[in-house]
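To start, the structure itself, in structure tokens.
Readers should treat all values here as calculations from the given coordinates under stated rules, not as data from a laboratory. None of these values were measured; they are calculated from a predicted model. Quick reminder, even Gly has a Cβ in these numbers, built from the backbone with ideal geometry, and neighbours come from all protein chains shown.
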Amino acid sequence: MIIAIVGPTGVGKTKMSIELAKRYNAEIISSDSMQIYKKMDIGTAKVTEKEMGGIIHHMIDIKNVSEDYSVYEYQKDARKILNELLEKKKNVIIVGGTGLYLKALLYNYEFKEYRNKKDFSSYSNEDLYKMVKVIDKDAKIHVNNRQRLESFLNNHNQSINTSSKMIYDAKIIGLTRPRDELYDTINKRVDEMINEGLLNEAKYFYDNNVNSKAIKTAIAYKELYLYFDGKISLNEALDLIKQRSRNYAKRQYTWFNNQMNVKWFDINKDDFSKTIDEVICYIENNKGNI
């Protein structure tokens, strides 16, 4: 049995996944593009060891923050784990808010890489930089970082064949709640992250000159970097984190609705156990279709 738990940030996916994993003796595969990175814990709302409750989790803390990691690499690594678990007749819970990762894992996403990387030895750094900007005008790679310039251009030489066909028997369960409640929860969670030490976590990367793709992409870290640079105040950084988190949640709803066949459940904010019971009832009544 494969169950995927999706939904916007801050809706309760982690708690739901662990409760289902306990009930069905399942292991969990993360489909979160930021939780793969070590030490990016508070800002990514990474599941803690205590929260795991002894449930085995995969695809968390597998890369250093300085390393790049693509959806193609995720597909290879996560499918290997998924197939091994299925061979062992294990139930699997997949949880995360990165829709593209989940779709690459479960659907007919085919990546065709060029076997031979292009030789850029005859090009100057400036030539490579201009080529990168043609592809992505917002790409933030220094003109003197030749290795990253070449890596970007070679990675771009990759085609994707996609379809709406799911290649695994899986049920996708979505968690939702009224927008005003969700946005209020997101705002409060940012404040909680600060109390838990988010500022120190981000400062560690800043002080160690970590300026990787992960840091530039992850909400919370990139805004705090602006604060550390003296470009904005701390309050402005926190407001920006909250705003971008709310916008991200809105985009997640849109993506999952347009890209996947999701069975949505409105969460009970006063008693989450009732939502868990509803989801379990749905799973039990549809086991033959999973």
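Summary table
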| item | result |
| --- | --- |
| Exposure proxy ranking, count of Cβ atoms within 10 Å, fewest first, for Val143, Val262, Val190, Val134 | Val134, Val143, Val262, Val190 |
| Pair Lys274, Lys130: separation of 7 Å Cα→Cβ label points (nm) | 6.5 |
| On Cα atoms only, tilt of 13-23 relative to the major axis of the chain in degrees | 50 |
| At 0.890 mPa s and 25 °C, Stokes diffusion of the range 6-70 via Kirkwood alpha-carbon radius, µm² per second | 197 |
| Mean-position separation - Cα centroids, the range 167-198 and the range 246-290, in angstrom | 13 |
| Residue exposure sequence - Leu234, Leu102 - by fewest surrounding Cβ within 10 Å | Leu234, Leu102 |
| Where labels lie 7 Å past Cα in the beta-carbon direction, separation of Glu236 and Asn209 in nm | 2.7 |
| Where a label projected 7 Å from the Cα of Glu181 along Cα→Cβ would reach, residues of the range 265-283 with amide N under 19 Å | 265-282 |
| Relative packing of 5-16, 174-185, 49-60, which averages over residues the other C-beta atoms within 10 Å, highest first | 5-16, 174-185, 49-60 |
| Size of the chain as Cα extents on the principal axes (Å, biggest first) | 62, 47, 33 |
| Equivalent ellipsoid semi-axes, the range 47-133, via Cα gyration tensor eigenvalues times 5, rooted, Å | 35, 17, 11 |
| FRET E, pair Phe120, Ser66, Förster distance 25 Å, beta-carbon r, rounded to 0.05 | 0.65 |
| GNM result for the chain, Cα springs below 10 Å: residue of Lys103, Lys269, Lys213 fluctuating most strongly | Lys269 |
| Dipole of the chain, positive end: most advanced residue of Ile186, Tyr204, Ser245 [Cβ charges, Cα centre] | Ser245 |
| Magnitude of the charge dipole, the chain, Cβ model with Lys/Arg +1 and Asp/Glu -1, debye to 20 | 700 |
| Within the chain, percent of DSSP bridges classed antiparallel, to nearest 5 | 20 |
